[in-house]
Amino acid sequence: DVKVTQSSRYLVKRTGEKVFLECVQDMDHENMFWYRQDPGLGLRLIYFSYDVKMKEKGDIPEGYSVSREKKERFSLILESASTNQTSMYLCASSLAGGSTQETQYFGPGTRLLVL
Amino acid sequence: DQQVKQNSPSLSVQEGRISILNCDYTNSMFDYFLWYKKYPAEGPTFLISISSIKDKNEDGRFTVFLNKSAKHLSLHIVPSQPGDSAVYFCAASMYNQGGKLIFGQGTELSVKP
């Protein structure tokens, strides 16, 4: 079974803090993704990475950055947290390898509250 | 521009009856569609998928139908069980997009005993 883990289930941070969300997958997947989920908006892609040190912007990258130094680990960074970044953050991974018909496997999510 | 839409935010069904969740898309280049199920405070879990070369895929109580001409897919759950109560997301992907999925807004299914 694919396992995707996220470093925290719940986080409370102050406005202006730098926030790190960590994600690790154990199935040697090439692709990794960060989403945020908000009521009525579904899952929106923030950033994704298809290889170590590679990153691509998703639909809502503003205010975020990412880091992928190792294949199994993908970090999301909130450079200066703001209240509108209060959300559920979900990490996912998929196998890649040229196939478009890929299933993404998700971690349990991190619920972030920015005060 | 919402390329994948789930127009019903919620659905309530009696236990044992059929649940039908709908999803519409606008981009004819999508070639793979998936349904995910999400419980509160958990990540989404993969449920079932369908390739654009098919019009139906079945897995136990879950069947996904794809109507390419209408750009519409649906998930049927028969019979519905209280444990099926969750938020369901449809998602779509297309060739050469790095495995990106485009998600709908989700439909919250409630199955009443």
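The values are calculated or read from the model by the stated rules, or taken from the named source; none is laboratory data. Because the structure is predicted, anything quoted here is derived from the model rather than measured. Please note: Cβ atoms are built from the backbone with ideal geometry, for glycine as well, and neighbour counts cover all protein chains shown. Heads up: the accessible areas ignore ligands, DNA and RNA and are worked out on the full protein's heavy atoms, side chains in. Shrake-Rupley method; radii C 1.70, N 1.55, O 1.52, S 1.80 Å.
Here are the numbers:
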read-out: Region A:68-76 - phi-based ³J(HN,Hα) in whole Hz, Karplus 6.51/-1.76/1.60, Gly and Pro as x; value: 9, 8, 10, 4, 7, 10, 9, 10, 10
read-out: Net charge of Cβ neighbours under 13 Å - reference A:R9; Lys, Arg +1; Asp, Glu -1; value: -1
read-out: Normalised contact order of chain A, rounded percent, pairs of Cα under 8 Å and 6 or more residues apart; value: 36 percent
read-out: Sites B:L11 and B:K68 - FRET efficiency at Förster radius 30 Å, r taken between beta-carbons, to 0.05; value: 0.80
read-out: Probe 1.4 Å, protein heavy atoms only - accessible area per residue of region A:4-97 in square angstrom; value: 47 Å²
read-out: Region A:4-97: Lys pairs at Cα distance under 15 angstrom, eight or more positions apart or on different chains; value: 4
read-out: Nonlocal amide H pairs with B:Q105, under 5 Å, H built at 1.01 Å; value: B:Q6
read-out: Average projection area in nm² (convex hull over Cα atoms of the protein assembly as shown, one quarter of hull surface); value: 12.2 nm²
read-out: Karplus 3J(HN,Hα) series, Hz, for region A:30-35 with 6.51 cos²θ - 1.76 cosθ + 1.60 (x for Gly, Pro); value: 7, 9, 9, 9, 10, 10
read-out: Carbon + sulfur, % of accessible area of region B:3-111 - ligands and nucleic acids excluded, 1.4 Å; value: 48 percent
read-out: Neighbouring partner chain Cβ atoms per residue of B:33-46, average, 10 Å criterion; value: 4
read-out: Computed Rg/Rh of region B:4-112, alpha carbon atoms with Kirkwood Rh; value: 0.95
read-out: Share of alpha-carbon pairs per 10 Å distance bin for chain A, given as whole %; value: 15, 50, 29, 5, 0
read-out: Chain pair A, B: total accessible area buried, heavy atoms, 1.4 Å probe, Å²; value: 1900 Å²
